Amino acid sequence: MDNLTHSLVGLALGELAHRVLPTEADPARASTRRRLLLSCGALASNFPDLDLVLTPLLPDPFGYLLHHRGHTHTLLYALPQALLLLAGLWLFWANARALLRGSSAARCGLGATIVIGLLLHRAWMR
């Protein structure tokens with residue numbers, strides 16, 4: 001599966017999470033939540049492929065064969081990847097930070113979207 005397909009699956013996951021959650025009273029917060037879940041779904045679905053930056057360390061095709069689908073595709077690395085994604089959101093997206101402080105539904109949806117996105121990447125690679 002290529003990264004375009006991973007991204008589309010992640011976007012669908014984010015949209016599904018947004019529609020399943022209870023609606024936000026404020027339209028601006030609802031818009032922020034939707035963008036947050038769409039972004040996190042797409043990013044989480046692609047995060048395990050960060051190992052592709054290591055492939056140039058060895059000549060072709062050995063770099064790809066040795067590094068891709070390696071340690072970043074294991075369940076052990078899912079937690080650090082989820083934490084890295086959350087830290088990036090928290091540091092660089094002020095509206096999302098404000099939303100997450102005040103909405104437990106958004107926090108649950110975000111957590112579920114990230115975890116399911118990371119797990120779906122691993123499920124599709126078989």
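The values are calculated or read from the model by the stated rules, or taken from the named source; none is laboratory data. Fair warning: this is a prediction, and the values are worked out from it, not measured in the lab.
Here are some notes:
- Residue match in the stretch 66-75 (condition: assigned to a helix (DSSP H, G or I), under 13 Å from Gly117 (Cα atoms) and at pLDDT 95 or above): no
- With respect to being at pLDDT 95 or above and not charged (D, E, K, R), Ala78 falls outside the description.
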